[in-house]
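Here's the structure we're looking at; comments come further down.
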Amino acid sequence: MNSVVRPLITIFPDTKAQRIDAVRAMDLIEIECVIRAAPPAKAKENLALLKGARFGSIRTRKNSLRHDDNVIEVWAIEGDYDGERMPMHDAAEALSAAKVTAILYTSANHCIVEPPHSHGGPRWRVLAPLSKTLTGTPDQLREQRRHWTGVINAVLGGVLKGESFALSQCYFFGRIQGRPDPETLVLTGDCIDEVVNPPAPVFPANDGNHRNKSKAKSGEGIREDQSKDLLARVGRDVRAGNADYEIHAAHAQHPHVLRQTDGERAIQRAIDKVREDWARKNANRANGSSRANGGSDDFAGKKERIEPEGAPPIAFEREKADSNRKVIRLQAGHLHNYADDAEQLIGGSVYVRGQQLVRLAMAPELSSAAKKLVKRSAEQPVITAVNAEYLRRRLNTVVAFHKFSRQRAQWELADCPADLAKNILLAGDWQHFRPLEAIATAPFLRSDLTVCDTVGYDEASGVFYAPNARFPPTQAEQGRRKSRP
């Protein structure tokens with residue numbers, strides 16, 4: 001999986017969808033900035049809508065472009081939750097446990113009391129990119145997208161609304177005037193269609209004319225599959241070195257756990273079983289090594305250089321114990337290769353400005369000194385400097401660094417080396433980071449006198465466009481609409 005995922009996002013200005021405001025590939029950080037920087041609207045129906053799909057030019061009788069027959073490609077799966085019980089952070093933990101790359105954001109009615117439709121509970125949405133674009137006829141796209149929506153629904157415990165399974169369903173983003181800013185969470189892992197051992201999809205009862213395939217098995221068969229799924233997930237966490245409390249928190253919303261009278265005990269049983277199996281395998285391996293060396297204890301004291309068989313000096317590969325991140329196996333003499341590979345992995349969220357590495361952030365993230373110089377609204381995106389500690393944290397989210405343990409004769413997890421982050425920060429000749437000149441909050445002229453009015457990073461100018469108000473279509477946008485077939 002490419003850790004810098006850039007799904008195509010289509011933005012409609014309103015529910016009428018008679019025009020498209022933007023169509024561009026964005027990484028999850030850019031999507032987050034677009035959501036948080038959206039200008040506040042007077043009412044929900046005035047908010048813009050987004051969709052991880054490409055639409056064509058076929059219009060309905062009401063001149064709308066937003067309908068199933070006009071969907072050409074699907075780039076991401078979205079889901080909507082308005083049950084007002086499951087907090088967004090719990091959903092994030094469930095997705096993280098499944099190693100899913102996604103962005104979650106609260107909806108305009110999150111924690112708002114407006115009977116009878118809203119009673120003050122959590123409401124949120126999830127967008128999970130696909131590694132491969134879905135194509136085909138509307139019926140084929142509908143079936144493919146329905147499957148992966150069902151997988152996300154299974155990860156989340158079956159809480160998504162039935163509307164989440166509609167092919168052309170788009171979702172409001174931003175906030176309503178007088179209400180809190182949207183909360184966002186970005187999760188790094190695998191694309192939903194690359195997740196190792198994904199759960200069986202779960203479909204809602206009101207999912208059109210489709211039969212709920214999760215009911216095709218008997219209840220006993222479903223419970224057995226969910227039990228095995230929990231054990232596999234706990235096993236990955238135990239082998240990754242996670243503490244018991246972290247494993248309990250990560251799997252508290254697993255369907256098998258929710259079925260149990262004592263969910264915590266079910267998780268602990270899985271942890272204990274994994275550790276017992278692991279200890280037994282290690283003991284068998286140790287006995288085998290002792291027999292292979294004539295049972296002599298002298299072998300353990302020899303300071304020989306032990307290298308794993310067939311392990312390349314530098315490797316990007318999948319590993320069962322940590323399938324959500326790329327693996328870099330650290331060995332002396334290869335820092336330059338590690339730095340080059342690491343820059344490619346974080347190239348979508350780190351930029352160059354002058355002779356300094358920078359990133360996009362929101363105004364509240366600025367230092368106290370910077371806040372005193374200029375007053376900014378909380379939803380305003382800003383450019384802030386990148387330091388070595390930020391690089392270490394960022395790299396640890398996309399890379400599983402491994403060092404070889406001579407004592408155990410195996411590769412083991414490690415943190416990002418400080419000298420690697422320092423090397424990237426001070427290199428000065430960055431090949432994989434894009435230049436960032438400024439943030440624009442209104443349509444602007446490029447140096448060739450063309451107009452940029454597309455939300456997100458503009459390759460031609462190096463400017464990130466994050467509008468802070470709703471602007472009428474520019475001549476460039478009108479020209480694009482006229483040129484569409």
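Read-outs: derived from the displayed coordinates by stated rules, not from any lab. What you see is a predicted model, and the numbers here were worked out from it, not measured in a lab. Backbone-built Cβ (ideal geometry, glycine too); neighbour counts: all protein chains shown.
A few notes on this one:
- Listed residue pairs exceeding 23 Å between alpha carbons, taken from Lys228/Lys326; Lys326/Lys403; Lys62/Lys132: Lys228/Lys326; Lys62/Lys132
- Long-range HN-HN contacts of Ala53 with modeled amide H, under 5 Å: Thr10, Trp75
- Shape call, region 8-208: gyration tensor on alpha carbons, a/c limit 1.5: rounded
- Cβ-Cβ FRET estimate between Gln355 and Thr450, R0 fixed at 35 Å, reported to 0.05: 0.80
- The loop-placed GluC sites (Glu not before Pro) in region 81-190, going by DSSP, that have at most 16 neighbouring Cβ atoms within 10 Å of their Cβ come out as Glu84, Glu183.
- Rounded to the nearest 20, the Cβ-based charge dipole of region 1-103 about its Cα centre (Lys and Arg +1, Asp and Glu -1) stands at 540 debye.
- Anisotropy class of region 23-108 from Cα gyration tensor, a/c 1.5 cut: prolate
- Radius 14 Å from Cβ of Gly157, net charge of other residues (Lys, Arg +1; Asp, Glu -1): +1
- Segment Asp272..Glu143, full-extension length gain: 42.5 nm, with 0.36 nm per residue of separation and the alpha-carbon distance subtracted.
- The trypsin sites (Lys or Arg not before Pro) found in region 1-110 that occupy coil by DSSP, while having at most 12 further C-beta atoms within 10 Å, are Lys42, Arg61, Lys62, Arg85.
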